[in-house]
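What follows is one structure encoded as structure tokens, with my remarks underneath.
The values are calculated or read from the model by the stated rules, or taken from the named source; none is laboratory data. If you're wondering where the values come from, they're calculated on a predicted model, not measured in any experiment. All Cβ positions, glycine included, derive from the backbone under ideal geometry; neighbour counts span all protein chains shown. Just the protein is used for accessible areas: all its heavy atoms, side chains included, with ligands, DNA and RNA removed. Shrake-Rupley method; radii C 1.70, N 1.55, O 1.52, S 1.80 Å.
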Amino acid sequence: MSHKPTERVLNILNLLSINVEGLTLTEISKAISVPKSTLYPILQTMTNMNYIQLDTGSLRYKLGISTFCIGSSYSQDEYMLEFTKSIMKNIVAEIKEICQMGVLEGNNVLYVLKEEPEVGLDIRIISRVGKRIPAYCTALGKALLSNYDIEEVKKLYPKGLIPYTENTITDFDILNNELLTIRKEHIAKEHEEITKGLWCYAVPLESNGTIIAALSVSIPNFRATKEKLNLITELLLDARRQFGNVNFK
């Protein structure tokens, strides 16, 4: 069910984005089927906040500077994602395993990027871009939660830590010890806590001292040799350093 006032604001922005010469109050009213008496205070508020601007000569509304700023922010995020994707491609080329990027959304990991090796996969990965999985039972999630106090973590999971496999951590004290280790060593580990037969290592990605995302490599346990795990750790920590050296603002 849509929220009408919000829908009207978005319709105005969409309409003005494709009518760069601007539109009058009457034209906007007709285009989105909203009475002028209802529309006017919305346009006034959007004008006051610089999302749109009124040309006093033609009485036409156009997009304002605040809209431009939002677009610029998106461009910066797009650059961050492209930069991270290039790092992920290099990791996959080196290790021949799946690499993923996730962000924290509430108490879940939201998967936003995924790179796979060209060779066929011999184990199914539960995640996909756009999928959400509880953070506490994934390496990505634990990396994202690593700066959280355990009391903050408990508030995220008021019903406790639900097991997905027999390896899922369900004790907050054990989880806290892992988070403290990640905070010190910058590497999160997960062994079959969400998917049987799958191990995952991850690092938190920071910008200006704040964890904004995490990067992981997933590997079937039968390929998880000491040498390969050491290489995964090395590649992820190097990726973390590269990410931290770039100012995305």
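Tabulated values for the structure
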quantity: Residue within region 54-73 that is exposed (fewer than 15 other Cβ atoms within 10 Å of the Cβ), modelled with pLDDT of 90 or more, not in a helix (DSSP H, G or I) and not charged (D, E, K, R) present; calculated: yes
quantity: Selected residue (only one of Asp171, Asp238 is under 22 Å from Ile133 (Cβ atoms) and open to solvent by 20 Å² or more (accessible area, probe 1.4 Å)); calculated: Asp171
quantity: Hey, Ser86 at pLDDT 85 or above, assigned to a loop (DSSP other than H, G, I, E, B), open to solvent by 40 Å² or more (accessible area, probe 1.4 Å) and not β-branched (Val, Ile, Thr) or not; calculated: no
quantity: Unique residue being modelled with pLDDT under 95 and either in a helix (DSSP H, G or I) or of a type outside the set (Asp, Glu) (or both) when the list is Ile219, Ile182, Ile232, Ile169; calculated: Ile219
quantity: Residue that is nearest to the chain's Cα centre (by Cα), among those in region 2-30 that are within 17 Å of Leu59 (Cβ to Cβ) and open to solvent by 60 Å² or more (accessible area, probe 1.4 Å); calculated: Val20
quantity: Condition met for Leu144 (hydrophobic (A, V, I, L, M, F, W, C), in contact with a Pro (Cβ under 7 Å, 6 or more places away or on another chain), in contact (Cβ under 8 Å) with a residue 12 or more places away in the chain and under 22 Å from Val92 (Cβ atoms)); calculated: yes
quantity: Residue match in region 184-201 (condition: free of Cβ contacts under 8 Å to residues at least 24 places away in the same chain, open to solvent by 10 Å² or more (accessible area, probe 1.4 Å) and under 15 Å from Lys142 (Cβ atoms)); calculated: yes
quantity: Tally, over region 99-152, of residues that are aliphatic (A, V, I, L, M), more than 22 Å from Gly197 (Cα to Cα), crowded, with 19+ Cβ neighbours inside 10 Å and at pLDDT 90 or above; calculated: 2
quantity: Selection within region 31-53 - in contact with a Gly (Cβ under 7 Å, 6 or more places away or on another chain) and open to solvent by 70 Å² or more (accessible area, probe 1.4 Å); calculated: Asn50, Tyr51, Gln53
